[in-house]
């Protein structure tokens, strides 16, 4: 076999190897996170109005105000991967660890324009814009990455129960006897779909969340 024939054989082998590798990648695209719909969840977490919905659930539109007195809507979040939680600034218990872990997430994905953190106060009657601003500064929140939201209590509670499924359902939606207290972090993709739930007070859960954000970013790149 002359040098020309050897070169042809090596070329064929190379092309074959590349084809096999590409085929493997197509057949095995890597891990993917589930997309959660109401029918996939514990019914106690799901409002009766959406309990049997089995597909195409996404976060609905809203109008709330951030720590800089800017009106925020769903349009500000669409196109981003983000983590949502529900807290209040005077919470003496779980919110302390939750805020610490939101800081950790901000540090982990700092400078990533595609990643946001969204914290909704469940005590808007106390957590005014100036209070949220002070709290944001206390936790080194970057305005372009960590958004704190306040507004109508009924709207915040609707989001928690009917959109994010962050807490056990209740007949009351934001009246004076109603109170949300949840450690859940919820991972949302660029289309507003729920992709994961995590205990925001547990270090192991935060590491799992970080790993899932990386998976989600890879999925988006295709």
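The values are calculated or read from the model by the stated rules, or taken from the named source; none is laboratory data. Worth saying up front: this structure is predicted, and the values here are computed from it rather than measured. Neighbour counts are summed over all protein chains in view; Cβ atoms, including those assigned to glycine, are modelled from backbone coordinates with ideal geometry.
Would you check which residues across the stretch 119-140 are outside any loop (DSSP other than H, G, I, E, B) and either out of contact with any helix residue (DSSP H, G or I) (no Cβ under 9 Å at 6 or more places or on another chain) or at pLDDT below 95 (or both) and list them? Before you say what the answer is, go through the steps one by one.
Filtering the stretch 119-140 down to residues outside any loop (DSSP other than H, G, I, E, B) leaves 119-121, 129-138.
129, 130, 131, 132, 133, 134, 136, 137, listed by residue number.
Taking the residues in the stretch 104-118 that are touching a helix residue (DSSP H, G or I) at 6+ places or on another chain (Cβ under 8 Å) and assigned to a strand (DSSP E or B) as candidates, determine which candidate is farthest from residue 151 (Cα to Cα).
Residues of the stretch 104-118 that are touching a helix residue (DSSP H, G or I) at 6+ places or on another chain (Cβ under 8 Å), as a first pass: 104-105, 108-109, 114-115, 117.
Within this subset, residues satisfying the condition of being assigned to a strand (DSSP E or B) are 115, 117.
Numbers: 115: 23, 117: 17 Å.
Per the stated criteria, the residue is 115.
Conditions tested, residue by residue: (1) surrounded by fewer than 16 Cβ atoms within 10 Å (Cβ to Cβ); (2) over 19 Å from residue 216 (Cβ atoms); (3) more than 22 Å from the chain's Cα centre (by Cα).
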| position | (1), (2), (3) |
| --- | --- |
| 100 | yes, yes, no |
| 112 | yes, no, no |
| 122 | no, yes, no |
| 131 | no, yes, yes |
Exercise for the section: Would you tally the residues in the stretch 79-91 being buried (at least 16 other Cβ atoms within 10 Å of the Cβ) and farther than 16 Å from residue 132 by Cβ? Expected result: 4
Practice task
Evaluate the stretch 151-174: report whether one residue or more is surrounded by 14 or more Cβ atoms within 10 Å (Cβ to Cβ), over 28 Å from residue 37 (Cβ atoms), touching a helix residue (DSSP H, G or I) at 6+ places or on another chain (Cβ under 6 Å) and free of Cβ contacts under 8 Å to residues at least 40 places away in the same chain.
Solution key: no
Exercise for the section: Can you run down the residue pairs with Cβ atoms below 7 Å, 6 or more apart or on separate chains, where the first is in the stretch 54-66 and in the same structural domain as residue 117 (by TED's automatic domain parsing) and the partner is in a strand (DSSP E or B) and surrounded by fewer than 12 Cβ atoms within 10 Å (Cβ to Cβ)? Expected result: 61/73; 62/73; 63/71; 63/73; 65/71
